[in-house]
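**Student:** One structure, pasted below without further comment.
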Amino acid sequence: MIFTVAIDGPAASGKGTIGRAIAERFGFSHLDTGLLYRAVGAKGGDPVDAARGLGAADLAREDLRTAEAGQAASRVAVIPEVRAALFDFQRRRARAVGGAVLDGRDIGTVICPEAEVKLFVTASPEVRARRRWLELGGEAAPLSYDAMLAEVRDRDARDMGRADAPLKPAEDAITLDTSEMDIDSAVARAISIVEVALAKGGAG
Ligand code: DC
């Protein structure tokens, strides 16, 4: 069976958690595509060469989840040649037999416009900044809530404003706004959307 769940949305919207939960529930593979851009940004040197030569060791680095790696990823992600170099790998993973969940910014719009399910997971910048700040320890975090909010806004502006594959919902995406929803409710809603689409039958 070929069945793709495309999950797009801004940083800290909950899309990763929802993606992992769907993959586990239905036995699909899961690819966090942000990790590819983070690995390119962290590698240093020429980003286009880094994207073309990306290997398993680059993706296994332990420093890819930091806020700095997120900002570096967002900066290399505006380069069309970087995006082109990562396209085939994501495309193959999206249409691999057995079902796949991909989360990112352009999965439903560019990587897999024919995805059987497209979700756009979002939340207000204030809610997303607070979540990240609490994850990093709240008052004990290395940066203030205000600094985190500025980072979130900065990354949103770059990801939504770039010319190539900007972050935006696909026309046929279902939007899940998690601002006032706890993560369990958001996961339950996403799972029921996938169940309905599966009942209609995936391709092949
Ligand atoms: O999802 P994330 O925060 O790990 O993504 C890091 C950055 O990578 C994000 O700010 C923009 C870029 N990105 C992208 O341009 N396209 C994707 N499909 C995934 C991530």
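**Student:** Using Cα springs under 10 Å in a Gaussian network model of the chain, which residue among ALA150, ALA73, ALA39 shows the largest mean-square fluctuation?
**Tutor:** Judging by the Gaussian network model, the answer is ALA150.
**Student:** Sequence gap of 8 or more, or different chains, plus Cα separation below 24 Å: how many lysine pairs satisfy both in the chain?
**Tutor:** 5
**Student:** If you don't mind, there's one more thing I want to ask. Rounded, prolate or oblate for region 42-147? Axes are the square roots of the Cα gyration tensor eigenvalues, ordered a ≥ b ≥ c, and the cut-off for rounded is a/c under 1.5.
**Tutor:** Cα axes put region 42-147 in the oblate bin.
**Student:** A further question follows. Could you let me know the centre-to-centre spacing of region 10-46 and region 47-122, using Cα atoms, in angstrom?
**Tutor:** 8
**Student:** With a 10 Å Cβ neighbour count serving as the proxy for reagent exposure, in which order, fewest first, do LEU149, LEU31, LEU36, LEU143 appear?
**Tutor:** Ordered by Cβ neighbours within 10 Å, fewest first: LEU143, LEU149, LEU31, LEU36.
**Student:** Between ALA84 and MET1, with labels modelled 7 Å along Cα→Cβ, what's the label distance in nm to one decimal, could you check?
**Tutor:** A separation of 3.7 nm, rounded to one decimal place.
**Student:** Considering only DSSP beta bridges where both residues belong to the chain, give the percentage that are antiparallel (nearest 5).
**Tutor:** 5
**Student:** Kirkwood hydrodynamic radius of region 119-204 from all distinct Cα pairs, in Å?
**Tutor:** Result for region 119-204, one decimal place: 15.1 Å.
**Student:** Could you give the length gained by full extension between LEU136 and ASP63, i.e. 0.36 nm per residue of separation minus their alpha carbon distance, to one decimal place?
**Tutor:** Fully extending the segment from LEU136 to ASP63 adds 24.8 nm.
**Student:** Ok, one more. Convert each backbone phi in region 104-121 into a coupling constant with the Karplus relation 6.51 cos²θ - 1.76 cosθ + 1.60 (shift: θ = phi - 60°), then list the ³J(HN,Hα) values in order as whole Hz, x for Gly and Pro.
**Tutor:** The phi angles translate into x, 10, 10, 5, x, 9, 10, 5, 9, x, 9, 3, 5, 10, 10, 10, 10, 9 Hz.
**Student:** Evaluate 2.2 N^0.38 Å with N set to the residue count of the chain, then give the Cα radius of gyration divided by it.
**Tutor:** 0.99
**Student:** I'd like the Karplus ³J(HN,Hα) series for region 93-98: coefficients 6.51, -1.76, 1.60, θ = phi - 60°, whole numbers in Hz, and an x wherever there's a Gly or Pro.
**Tutor:** In residue order, the calculated couplings are 5, 5, 9, 5, 4, x Hz.
**Student:** Going by how many other beta carbons lie within 10 Å of each one, how would you line up ILE183, ILE22, ILE193, fewest first?
**Tutor:** The most exposed by this proxy come first: ILE183, ILE193, ILE22.
The numbers here are math on the coordinates, done by the rules we state, and not lab data. Everything numeric in this text was worked out from a predicted model, so none of it was measured. A quick note on method: Cβ atoms are made from the backbone with ideal geometry, for glycine too, and the neighbour counts reach across all protein chains shown.
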